[in-house]
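One structure follows; several queries about it will come next.
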Amino acid sequence: MIRYFDKIGEIRKLYYRSGLYNYFDRQYPLQFRTVSLTYNLTYNLVLSEINANRPGTILYWGHPYYGEHYVTLVGYQYDTDGSNEYYIIYDTWSRARVYRLFYSDVSYFSEYSSIARY
């Protein structure tokens, strides 16, 4: 078995975190804040953040389609019988909203950060 520490990945994650803070401080001083940063995004957290009017960003890591890529979480949808739970994103590759099955992608979520007004 080979084990290693991915220093490049860890550095990118640090840039992600500090980049969000710096962007909002410069572009929207005293208007927005990053309210949560988590490594364990659950579907219940998606629902509660969107219901509280806090969109967020998700960092995919090793995703089969997106690879290492940031997307913006903007909503959710689920079947009334609970069989399918979707999260809705903008991926910056198109202008369309993208509906993705939460439990198909959750293992590729590296970080999640929500954004709110002060």
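No value in this document is a laboratory result; all are computed from the given coordinates. Computed from a prediction, not measured in an experiment: that's the story for all the values here. When we count neighbours, we look across all protein chains shown, and the Cβ atoms used for this are built from the backbone with ideal geometry, even at glycine.
Taking the Cβ-Cβ separation of Arg97 and Leu47 as r and a Förster radius of 25 Å, what is the calculated FRET efficiency to the nearest 0.05? Let's see the in-between values first.
Working: r = 17 Å, r/R0 = 0.67.
Once the sixth-power term is evaluated, E becomes 0.90.
Given R₀ = 25 Å, what would the calculated FRET efficiency be for His69 paired with Arg26, taking r from the Cβ atoms and rounding to 0.05?
Working: r = 23 Å, r/R0 = 0.92.
In this case the efficiency is close to 0.65.
Let me ask you something else. Volume per residue, Å³, of the convex hull around the alpha-carbon atoms of region 44-95? It would help to have the intermediate numbers written out before the result.
Working: hull volume 5.2 nm³, N = 52.
Given the Cα convex hull of region 44-95, per-residue volume reads 100 Å³.
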